[in-house]
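Report on the following structure.
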Amino acid sequence: MTYQELLEKARARMAPQCRVCKECNGVVCKGEIPGTGGKGSGAAFKNCIEFLSSVKIKMDTIYENKGQDTSFLMFGKKFKYPMFVAPIGGMNLNYNGAITEEEYDDAVVFGALNAGVAAFTGDGPNDSLFLDSLPIIKKAGGIAVPTVKPWKNNNVIEKVRLLEKADAMAFAMDIDSAGLINLALAGKPVSAKSVEELSEITASTKVPFIVKGIMTVEGAQKALEAGAYGIVVSSHGGRVLEHAPATCSMLPEIRKSVGNKLKIFVDGGIRSGADVFKAIALGADAVLIGRPYVIAAFGGGSEGVELYTEKIGAELRDIMVMTGCKNLKDITIDKIIL
Ligand SMILES: Cc1cc2nc3c(=O)[nH]c(=O)nc-3n(C[C@H](O)[C@H](O)[C@H](O)COP(=O)(O)O)c2cc1C
């Protein structure tokens, strides 16, 4: 299967919710929630795309060539690329249900695993969405990151016990779901979390905890105070706050404020190896990619997920060749122009 064939198959299978546009940029799907778009005018989604395309990369090909190593260490494991599948839930609600939640999780967990990376999995109004991912994660040796919604803490901690049994290497919480229309419509009690509530969750387990949906230095500091292992700088794909800035534009100040005390992931509009390079140069340890992986799964199942990972990974390696970066540590802010 070529990437072009994958896209054609996905286009036929995903209509009408996702049009599989030439560039997945939030323009056509703006305001479509449920659906795949950003909130309202789609500005928060589009800001991510526009910011990343405004960042330029400095070229330098005079160096001693020692090859390019794209690998990185996280959760005590080695991954081939600094790249994860973002958690996406709601195959029926947001897409057309052509694949089930379980089929989707299976495709992303095993596709990512086969490509040497890993997937975050999602959560939603039906408990089954989270619960059905766990046997898949267990079968994958725990190489995945289940993501829990900000339910009441006792409910979250019950889910932590279950993900521990599935040997999950880490888990996340999309705290920004406190503003999700989908959940409000379904009458599910999610809400903002205090530092004390987040601390109770980190204290309840040895599994590394990642707080997803941080957009400010203050938010990053609160996650640190709560004992989080890492954060995802994310605006939930622009789906929760219409006027959020570009996620990657917040990275330098967040990195400066937390130093190396937190692992920093970022998502929102990462669409190429060049975008991965820019995100790392701006201060991220790794990126998450969301909507394009859904397209890959609809278009080619786990094989599609593997193919898409290799495509982005090859693009990253190519940029490293053109910028004289032999490993990810060489990708620093002086390699880009803001
Ligand atoms: C349809 C849809 C469903 C999503 N479901 C979840 C979810 O269950 N949990 C979560 O943490 N994030 C969820 N997200 C947000 C993604 O994880 C990610 O933050 C976002 O899509 C940004 O990346 P992208 O621009 O690469 O898509 C969802 C996003 C979309 C578009």
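Among the residues in the range 151-159, are any part of a loop (DSSP other than H, G, I, E, B), under 16 Å from the mean Cα position of the chain (by Cα), in contact (Cβ under 8 Å) with a residue 24 or more places away in the chain and surrounded by fewer than 24 Cβ atoms within 10 Å (Cβ to Cβ)? Spell out how you get there, then give the answer.
Restricting attention to the range 151-159, the residues satisfying the condition of being part of a loop (DSSP other than H, G, I, E, B) are 151-152.
The next check asks that each one be under 16 Å from the mean Cα position of the chain (by Cα); those that pass are none.
So far as the range 151-159 goes, no, none of its residues is part of a loop (DSSP other than H, G, I, E, B), under 16 Å from the mean Cα position of the chain (by Cα), in contact (Cβ under 8 Å) with a residue 24 or more places away in the chain and surrounded by fewer than 24 Cβ atoms within 10 Å (Cβ to Cβ).
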Worksheet item: Name the strands (runs of 3 or more DSSP E) wholly within the range 9-92 that hold at least 2 residues that are open to solvent by 30 Å² or more (accessible area, probe 1.4 Å)?
Response: 77-79
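With respect to Pro189, is the statement that it is closer than 30 Å to Tyr95 by Cβ and more than 12 Å from the ligand (Cβ to nearest atom) true?
Working: closer than 30 Å to Tyr95 by Cβ: yes; more than 12 Å from the ligand (Cβ to nearest atom): yes.
When the stated conditions are applied, Pro189 passes them.
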Worksheet item: Any residue at all in the range 203-218 that is within 16 Å of the ligand (Cβ to nearest atom), touching a Leu at 6+ places or on another chain (Cβ under 9 Å), modelled with pLDDT of 95 or more and farther than 15 Å from Pro150 by Cα?
Response: yes
Practice prompt. Can you give me the number of residues within the range 122-137 that are outside any helix (DSSP H, G or I) and either in contact with a Pro (Cβ under 6 Å, 6 or more places away or on another chain) or more than 14 Å from the ligand (Cβ to nearest atom) (or both)?
Written response: 1
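Sort through Ala184, Ala168, Ala203, Ala192 and tell me the only one that's within 26 Å of Val108 (Cα to Cα), hydrophobic (A, V, I, L, M, F, W, C) and out of contact with any Asp or Glu (no Cβ under 8 Å at 6 or more places or on another chain).
Numbers: Ala184 fails: within 26 Å of Val108 (Cα to Cα); Ala203 fails: within 26 Å of Val108 (Cα to Cα); Ala192 fails: within 26 Å of Val108 (Cα to Cα).
Of Ala184, Ala168, Ala203, Ala192, the one residue that is within 26 Å of Val108 (Cα to Cα), hydrophobic (A, V, I, L, M, F, W, C) and out of contact with any Asp or Glu (no Cβ under 8 Å at 6 or more places or on another chain) is Ala168.
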Worksheet, complete the sentence: Listed by first then second residue, the pairs whose first member lies in the range 188-215 and is over 29 Å from Ala246 (Cβ atoms), whose partner is part of a helix (DSSP H, G or I) and open to solvent by 30 Å² or more (accessible area, probe 1.4 Å), with beta carbons under 7 Å and at least 6 positions apart or on separate chains, are Ser204/Ile157; Thr205/Glu164; Val207/Glu164
Item to complete: For the range 231-254, enumerate the residues that are of a type outside the set (A, V, I, L, M, F, W, C), away from the ligand (no atom under 12 Å from the Cβ) and more than 14 Å from Gly42 (Cα to Cα).
Response: Ser249, Pro252, Glu253
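Out of Ala168, Ala119, Ala115, Ala140, report the one residue that is within 13 Å of the ligand (Cβ to nearest atom) and closer than 30 Å to Leu316 by Cα.
Details: Ala168 fails: within 13 Å of the ligand (Cβ to nearest atom); Ala115 fails: within 13 Å of the ligand (Cβ to nearest atom); Ala140 fails: within 13 Å of the ligand (Cβ to nearest atom).
The match here is Ala119.
Answer yes or no as to whether Ile33 is at pLDDT below 95, in contact with a Lys or Arg (Cβ under 8 Å, 6 or more places away or on another chain), under 30 Å from Leu185 (Cα atoms) and hydrophobic (A, V, I, L, M, F, W, C). I'd like the intermediate steps shown before the answer.
Working: at pLDDT below 95: yes; in contact with a Lys or Arg (Cβ under 8 Å, 6 or more places away or on another chain): yes; under 30 Å from Leu185 (Cα atoms): yes; hydrophobic (A, V, I, L, M, F, W, C): yes.
Taking the combined requirement at face value, the residue satisfies it.
If I go through the range 1-36 residue by residue, how many of them are within 12 Å of the ligand (Cβ to nearest atom) and in contact with a Gly (Cβ under 6 Å, 6 or more places away or on another chain)?
The initial filter retains those residues of the range 1-36 that are within 12 Å of the ligand (Cβ to nearest atom), namely 14, 17-18, 23-26, 29, 32-36.
Those left that are additionally in contact with a Gly (Cβ under 6 Å, 6 or more places away or on another chain): 17, 26, 29.
Count: 3.
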Practice prompt. Could you please tell me which pairs satisfy a Cβ distance under 9 Å, a separation of 6+ or placement on different chains, a first residue in the range 59-87 that is within 20 Å of Pro292 (Cβ to Cβ), and a second residue that is among the charged types (D, E, K, R) and part of a loop (DSSP other than H, G, I, E, B)?
Written response: Thr70/Lys80; Pro82/Asp285; Phe84/Asp267; Ala86/Asp267; Pro87/Asp123
Practice prompt. Output the residue which, of all residues in the range 180-196 that are of a type outside the set (Lys, Arg) and in contact with a helix residue (DSSP H, G or I) (Cβ under 8 Å, 6 or more places away or on another chain), is most open to solvent (accessible area, probe 1.4 Å).
Written response: Ala192
Worksheet item: Can we say Met83 is at pLDDT 95 or above and within 16 Å of the ligand (Cβ to nearest atom)?
Response: yes
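Return the residue satisfying two criteria in turn: it lies in the range 255-276 and is more than 19 Å from Val145 (Cβ to Cβ) and within 16 Å of the ligand (Cβ to nearest atom), and of such residues it is farthest from the chain's Cα centre (by Cα).
Initially, the range 255-276 is screened for residues more than 19 Å from Val145 (Cβ to Cβ), giving 255-261, 269, 271-275.
Now narrow it down to the ones that are within 16 Å of the ligand (Cβ to nearest atom): 269, 271-275.
Values: Gly269: 10, Arg271: 12, Ser272: 14, Gly273: 15, Ala274: 16, Asp275: 13 Å.
Here the answer is Ala274.
The values are calculated or read from the model by the stated rules, or taken from the named source; none is laboratory data. Please read these numbers as outputs of a predicted model, since none were measured by experiment. Counting neighbours? That spans all protein chains shown, and the Cβs are built from the backbone with ideal geometry, glycine included. Please note that ligands, DNA and RNA were not included when accessible areas were found on the heavy atoms of the full protein model with its side chains. Shrake-Rupley method; radii C 1.70, N 1.55, O 1.52, S 1.80 Å.
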